[in-house]
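The values are calculated or read from the model by the stated rules, or taken from the named source; none is laboratory data. As the structure is a computational prediction, the values presented were derived from the model and not from experiment. When we count neighbours, we look across all protein chains shown, and the Cβ atoms used for this are built from the backbone with ideal geometry, even at glycine.
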Amino acid sequence: MNKNSIYLIILLTAVWIILCEELSVSTVATGIAISAGVAYFYQKYLPLNAITGVNFLILAMYPFYLIGQIYIAGFNAIKLILTEAKVDIVEVKTKVTNELLRVILANSITLTPGTVSLELKDETITVLWLREKTSGSGDLAKADELIKGKLEKKLLKAQK
């Protein structure tokens, strides 16, 4: 166990005590046990030092942006459903080269209403996409920008 693990255990134990709203020996002991388990699995299965090429400060702001995009896409999906929609499967190319950020992009596409990521293979994401029934094949050509647009731009900023 290194110095950072001890800090993590202390921090998580403090959060545990606050959430339990009780300062007793059993609460502290339980907090330390749970925190030690979390620290162990954190180091073993989530080695952040192995993730390179990502600006974590910019990435930390991404979920807040994503929530806004989910709401915007939700209203657009409601409009599409009410005015007749068509479903297509399209392949979207991404400029994101970092594997972690590509996975985040594919998951973000799935989280936005009207789109579902089916497959992520290298720089190509296969997406099930809800679009206007009256639109022509021109929308399929613009599918890249319509599906990933602003999400990809934010993730490209987080890529070093």
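Some values worked out for this structure:
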{"item": "Hits in region 33-51 (condition: within 30 Å of Val96 (Cα to Cα) and without any contact (Cβ under 8 Å) to a residue 12 or more places away in the chain)", "result": "Phe41, Lys44, Tyr45, Leu46, Pro47, Leu48, Asn49, Ala50"}
{"item": "All positions within region 67-76 that are touching a residue at least 12 places away in the same chain (Cβ under 8 Å) and over 13 Å from the mean Cα position of the chain (by Cα)", "result": "Ala73, Gly74, Asn76"}
{"item": "Residues within region 69-109 that are over 30 Å from Asn55 (Cβ atoms) and among the small types (Gly, Ala, Ser), tallied", "result": "2"}
{"item": "Filtered residues of region 18-72 (kept if over 23 Å from Gln159 (Cα atoms), assigned by TED's automatic domain parsing to the domain that holds Leu151 and not hydroxyl-bearing (Ser, Thr, Tyr))", "result": "Ile72"}
{"item": "Flag for Phe64 being among the hydrophobic types (A, V, I, L, M, F, W, C), modelled with pLDDT of 85 or more and under 17 Å from the mean Cα position of the chain (by Cα)", "result": "yes"}
{"item": "Top-ranked residue in region 121-138 [being in contact with a helix residue (DSSP H, G or I) (Cβ under 9 Å, 6 or more places away or on another chain) and part of a loop (DSSP other than H, G, I, E, B); ranked as nearest to Gln159 (Cα to Cα)]", "result": "Glu123"}
